[in-house]
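Asks: Let me begin by handing over the structure; questions about it come next.
Derivation of every value follows stated rules applied to the coordinates shown; laboratory data play no part. All figures in this text were calculated on a predicted structure; none of them were measured in a lab. Quick reminder, even Gly has a Cβ in these numbers, built from the backbone with ideal geometry, and neighbours come from all protein chains shown.
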Amino acid sequence: MAPAGGNVNGVSSQAAAGGATTLPAVTVTGTAETPRGGLPPAFAGGQVARGGGLGLLGNRDIMDAPFSLTSYTAQSIEDQQARSISDAVKNDASVRTIWADGSYSSQMTIRGFPVQAQDMAINGVYGIVPPQLTGGLEMVERVEILRGPGALLYGMAPSGAVGGTVNLVAKRATDAPITRLTTSYWSDAQFGAAIDLGRRLGEDKQFGIRFNAAYRDGDTALDKQQQRVGFASLGLDYRSDRVRISADLGYHDMRSDNPTRPIYTDNASFQIPKAPPGDLNLGQSWYYAKSEDTYGMVRGEVDLADDLTAYAVAGGRRNDFLGLYNFIYLQNGAGDFRANQYYQPTYADTKTFLGGVTGRLNTGPLRHTIDLSVSVLGTESGVLAPVIATYNGNLYDPVSVSQPSLSGFSSDAPKTSFSRLASVALADTISAWDDRVQFTAGLRRQSVKVDNYNAATGLRTATYDEDAYTPAFALLVKPWQHVSLYANYIQGLGQGPAAPASAANSGTVFAPIKSKQYEVGAKARFDGVGASIAYFEIKQPSGFLDPASNTFGMDGEQRNRGLEINAHGEVARGVRLLGGVSFIDGKLTKTAGGANDGNKAVGVPGTLLNLAVEWDLPSVPGLTLSARHLYTSSQYYNPANTQKIPGWHRTDIGVRYRARMMDKGVTLRAGIANLFDKDYWAGASANYGLARGYPRTYMVSATIDF
């Protein structure tokens, strides 16, 4: 988790320079670094940070992290003109979105396993990030991606994600005042504005305030689609020699008219048809999805002694959502479909608490960093999803139908579930030989309690109450000054199922599902360039009904093995590189009756490539050209491997110009996403069906630093 204090003021790329052509130097201010670690500064080129958060273990320099971790900076987010988390992670070769970019939520896969929007954290804490976060990146200082399971580090994710963790780090006031205004345009006719204000107050600048607000509205690049997003956040902090306190408050309001939805198939008897034109909207003009979120969290951190720090976090979020839209089910290879129209009110009320201590001590030549934490996350939620009407259509020839009557359908969801995730975790990192050898061992006890309720009667219908112990071990060795070698074993957790009524062991409840990862890797950092390579294997159990015994058991398994190569930094003066390649062998190793043993796992492409390049033109100071290419190989849609979507390429380009005009820092940006307007299926998923690629989009923005 990011600390409450502002120990390192190397935040937004233009914060101190007021939009100057060159990036400002990182300035260390405030208190001495605490055992939790300060915000790591940006690496050469400014696109990624030198370190990031590891949950229970606090912030670590990348070279001291025995896991695969990348932290994308606010500068990278701003220069991409990203509107959502899905946009912000487009440079990561381990990540792919499984909802179309024109939708109202960021759902993705990491290392081939799904990570839902509910599984994202902010400042190291689950349950706060709005699940329909389609704006608000203006308040984000870092987007951190931990690849692989993280049960020891973060606890069990609310939806049980095992592929990785996305953690947002909120902005804090810098020592230099910030007054920044940004205006934006996205095609077809969506306009927006954002303001960023930051000040430090007090004789020693011990008080900080950071305010961000943004609003955008208008037609998107999809036909007959409009989207409106409003957001405001306030970050407060106090820092002294021994005490650091921070608070984050936020409001997010979204409405998407005729939103993009996933597409499913009714059966596996036909081949997946080719993707429809990217700008073709398959919904109805009267469809909508709207959400409102209010969230906040307070964190306190105190140095009880020079080598002992205690911290506590409390927060919560209220989410209200209402949607009127369809689920499309393909009927054949010609693109004919059945559309079920849903009216879906939902709500979620979360409350979270996290507390712990971090201590350092020496035992002879060994140095110990001990982390102890307790956490509780409670979520009350309600959902209704009645099918109100159906109609037939075609992928390439949408039809318009009249809005059915909503009479008798409630817009308020009753309570249908309450979940409580509680855990205690302990870890010890043992260091020797000037930290050139580091060994981490830890254990978390995770309890999972879920009560389900009948929507009509309010009576409890089922209870799940189980716990699990999840260990982790990691070794990091630095044989040379700029090289780190590491290995880890870590688990991911998810709620276990109950045997269905048709099973011989009907009603049997299974313990939390344990996914297991083995990983080895190497990292290097030379002359402004960083690179890493990692080999991993993740095994995720699953349940099925044995056809011979009619007994339900956790006997299924998916195994993803992969090799990741990533690079970033300034490879030559004024030339920056960011990206990587990922090779994944996703395989179904244990299936019901062995019917699909050895088949490719659903939605796991064999090759993913992301490569972005920036070039500062020497002949025109302040002018930068950029280009990015993405490639995803083919994916299977069903476990039998009879349905498949082809691979795809996408190219983005951009240009920006930084200068001082009338004594103000000015940054002008322009970009084109999907330059060649490719039509493609972006991804396949067992839970979210087929995701469409987004059409060619033009983006322009202007930022002024006053």
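Asks: Identify, among TYR154, SER411, LEU322, the residue whose Cα sits farthest towards the positive end of the charge dipole of region 51-705, taking +1 on the Cβ of Lys and Arg and -1 on the Cβ of Asp and Glu, with the dipole about the Cα centre.
Replies: So the residue we want is TYR154.
Asks: Would you mind finding the longest exposed-site-free stretch of the chain, with exposed GluC sites (Glu not before Pro) meaning DSSP loop and at most 14 other Cβ atoms within 10 Å?
Replies: Numbers: sites that count: GLU33, GLU203.
Here the longest segment lacking exposed loop sites spans 204-706.
Asks: Once the other residues with Cβ under 9 Å from the Cβ of SER542 are scored (Lys, Arg +1; Asp, Glu -1), what is the net sum? Show your work: numbers first, answer last.
Replies: Values: positive: LYS590; negative: ASP555, GLU557.
Combined, the nearby Lys, Arg, Asp and Glu give -1.
Asks: Computed FRET efficiency, Cβ-Cβ of ASN641 and ASP306, R0 35 Å: what is it to the nearest 0.05? Walk me through the numbers on the way to the answer.
Replies: On the way: r = 59 Å, r/R0 = 1.69.
Once the sixth-power term is evaluated, E becomes 0.05.
Asks: Considering amide H positions built from the backbone, and no H for Pro or chain starts, which residues 5 or more places from ILE122, or on another chain, come under 5 Å of its amide H?
Replies: Hits under the 5 Å cutoff: ILE128, VAL129, LEU168.
Asks: Given the options ILE672, VAL95, GLY530, identify the residue whose Cα lies farthest towards the positive end of the charge dipole of the chain (+1 on Cβ of Lys, Arg; -1 on Cβ of Asp, Glu).
Replies: Toward the positive end, the furthest listed residue is GLY530.
Asks: Next question. Per q in 0.06, 0.08, 0.10 1/Å, what log10 I(q)/I(0) does a Debye calculation on the alpha-carbon atoms of region 51-705 return?
Replies: Summing over Cα pairs of region 51-705 leads to -0.33, -0.60, -0.99.
Asks: Further question: Nearest 0.05, what FRET efficiency do LEU475 and HIS629 give at R0 = 35 Å with Cβ-Cβ as r?
Replies: Details: r = 36 Å, r/R0 = 1.02.
In this case the efficiency is close to 0.50.
Asks: Continuing with this model, one more query. For a quick check: with amide H placed at 1.01 Å from N, whose amide H comes under 5 Å from GLY647's, ignoring anything fewer than 5 positions away on the same chain?
Replies: The answer is SER634.
Asks: Using unit Cβ charges (K, R positive; D, E negative) and no other charged atoms, how large, in debye to the nearest 20, is the dipole of region 637-706 about its Cα centre?
Replies: Around 100 debye, computed over region 637-706.
Asks: What's the FRET efficiency of PHE706 with ALA670 using the Cβ-Cβ distance as r and R₀ = 25 Å, to the nearest 0.05?
Replies: The calculated FRET efficiency here is 0.65.
Asks: Taking the Cα centre of the chain as origin, work out the dipole magnitude from +1 charges on Lys and Arg Cβ and -1 charges on Asp and Glu Cβ, in debye rounded to 20. Don't skip to the answer; put the middle values down first.
Replies: Details: 64 positive and 64 negative charges, 95 e Å.
Once rounded to the nearest 20, the dipole reads 460 debye.
Asks: Something else: Would you work out which of ASN638, GLY198, LEU421 lies farthest towards the positive end of the dipole of the chain, given +1 charges on the beta-carbon of Lys and Arg and -1 on that of Asp and Glu, about the Cα centre?
Replies: Going by the Cα projections, it comes out as ASN638.
Asks: Please work out the Cα center distance from region 224-275 to region 93-164, rounded to the nearest Å.
Replies: 10
Asks: Would you mind listing how long region 202-282 runs along its three principal axes, going by Cα atoms, in whole Å with the largest first?
Replies: Over region 202-282, Cα extents along the principal axes are 70, 31, 16 Å.
Asks: Please report how far the C-alpha centroid of region 181-215 lies from that of region 515-538, rounded to the nearest whole angstrom.
Replies: Value for the Cα centre distance between the two parts: 35 Å.
Asks: Follow-up. Among THR358, THR416, THR165, THR390, what is the fewest-to-most ranking by other Cβ atoms within 10 Å?
Replies: Placing the least packed residue first, the sequence is THR390, THR416, THR358, THR165.
Asks: For TRP286 and ALA189 in one chain, what is 0.36 nm times their gap in residues minus the Cα-Cα distance, to one decimal in nm? List each step's numbers first, then the result.
Replies: Values: separation 97, 0.36 × 97 = 34.92 nm, distance 1.92 nm.
Between TRP286 and ALA189, full extension yields an extra 33.0 nm.
Asks: Now a separate question. Could you work out, for region 409-496, what percent of all Cα-Cα pairs fall into each 10 Å distance bin, beginning at 0 Å and stopping at the bin that holds the largest distance?
Replies: 14, 28, 21, 16, 12, 8, 2
Asks: Could you give the dipole magnitude of region 81-165 about its Cα centre, charging the beta-carbon of Lys and Arg +1 and that of Asp and Glu -1, in debye to the nearest 20?
Replies: 200
Asks: Next question. Largest first, please: the extent of the C-alpha atoms of region 480-520 along each principal axis, to the nearest Å.
Replies: Sorted largest first, the three principal extents are 60, 13, 9 Å.
Asks: Full-extension gain between LEU361 and LEU201, please, as 0.36 nm times their residue separation minus the C-alpha to C-alpha distance. Walk me through the intermediate numbers first.
Replies: Details: separation 160, 0.36 × 160 = 57.60 nm, distance 3.55 nm.
Computed gain between LEU361 and LEU201 is 54.1 nm.
Asks: What is the extension gain from ASP349 to ASP241, computed as 0.36 nm multiplied by their sequence separation minus the C-alpha to C-alpha distance, in nm to one decimal?
Replies: Length difference between fully extended and current span is 35.3 nm.
Asks: Return the whole-Å distance between the Cα centroid of region 455-489 and the Cα centroid of region 317-352.
Replies: What the calculation gives is 30 Å, centre to centre.
Asks: Additional query: Starting from the Cα of LYS205, draw a straight line to each of the lysines and keep only those under 30 Å, dropping any in the same chain fewer than 8 residues away.
Replies: LYS171, LYS664
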